[in-house]
Amino acid sequence: MRHVVLCGDSIFDNAAYVEGGPDLAQQLRDILDPGDKVTVRAVDGSISSQVVGQFAQLPNDATHLVVSTGGNDILHHAAMLEQNVNTVSAAMAMLAAAKAEFAPHHMAAVNASYDIGLPVAFCTIYDANMGPAISTALGIFNDAITRHLHQFGLDLIDLRLVCTESADYANPIEPSVAGGAKIAAAVARYVRAVTKRSEATRVFL
């Protein structure tokens, strides 16, 4: 029997955005085998520095940990994209500063999850419905995410290749019922394929 724990932000805690439809956790329960369990520790609005606290609430019989975090971190820097700069270099320096603020918090979450000892997968930040500027900035944050996972050998669910249509989003940033179904399917593929940790990062879509 599997017991999947979902930590992070509103990617997994999306009940408020599905207008009475099934949230992602319920969609995952529907896909997994009878007897499998899904526990949500994710909290809508959480940023990376808050995820480690969610790990303290893991059930004793948890078999898999899946984490989605980072999207809200970059939203805190959204105003930066409206600033006027004189050069591309200056713009890149601003993005690099935002990444430098985000990276230690994400690394701390990865490090803490590694110490738990379960099979662990982190998600990339998907592109969302916020236009090319945000998508470009997200690429810089996703670079930090993937580097951290490769460093620890933890697994990756690449949501950039899972949620690829506008219908996957309930609003510019939250997963819809359709998007939740795709993400739930990707998580299910992960937990069915993985029974123990590996020394190298495995990628799931």
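The values are calculated or read from the model by the stated rules, or taken from the named source; none is laboratory data. No experiment lies behind these values; they were computed from the predicted model shown. No Cβ is skipped: glycine too gets one built from the backbone with ideal geometry, and neighbour counts run over all protein chains shown. Just the protein is used for accessible areas: all its heavy atoms, side chains included, with ligands, DNA and RNA removed. Shrake-Rupley method; radii C 1.70, N 1.55, O 1.52, S 1.80 Å.
Observations on the structure shown:
- Taken along the Cα-to-beta-carbon direction at a fixed 7 Å, the label points for T87 and N60 span 6.1 nm.
- Sequence-separation-based contact order of the chain, relative, with Cα cut under 8 Å and 6+ spacing, percent: 25
- With the convex hull drawn over the C-alpha atoms of the range 54-164, the volume per residue is 108 Å³.
- With all protein chains in place and a 1.4 Å probe, the accessible surface of the chain carries 53 percent carbon and sulfur.
- When the square roots of the Cα gyration tensor eigenvalues are ordered a ≥ b ≥ c, the ratio a/c for the range 18-104 is 1.5 or more and a/b exceeds b/c, which makes its shape prolate.
- Projecting the Cα positions of A56, G131, H105 onto the charge dipole of the range 55-205 (unit charges on Cβ atoms of Lys, Arg, Asp and Glu, taken about the Cα centre) puts A56 furthest along the positive direction.
- Calculated log₁₀ intensity ratio I(q)/I(0) where the Debye formula runs over C-alpha points of the range 134-178, q = 0.21 Å⁻¹: -0.81
- Binned Cα-Cα distances of the chain, short to long, each 10 Å bin given as a whole percent: 9, 37, 37, 14, 3, 0
- Approximating the spin labels as points 7 Å out from Cα along Cα→Cβ, the L205-to-M1 distance works out to 3.5 nm.
- Legend: P(r) of the range 114-205 from all alpha carbon pair distances, 10 Å bins from 0, whole percents, reading 17, 44, 31, 8.
- For the range 41-91, the Kirkwood estimate of the hydrodynamic radius, built from every pair of different alpha carbons, is 13.7 Å.
- Helix-only arithmetic for the chain: the sum of -39500 (n - 2.57) across DSSP H runs with n ≥ 4, divided by the residue total, places the mean residue ellipticity at 222 nm at -13500 deg cm²/dmol.
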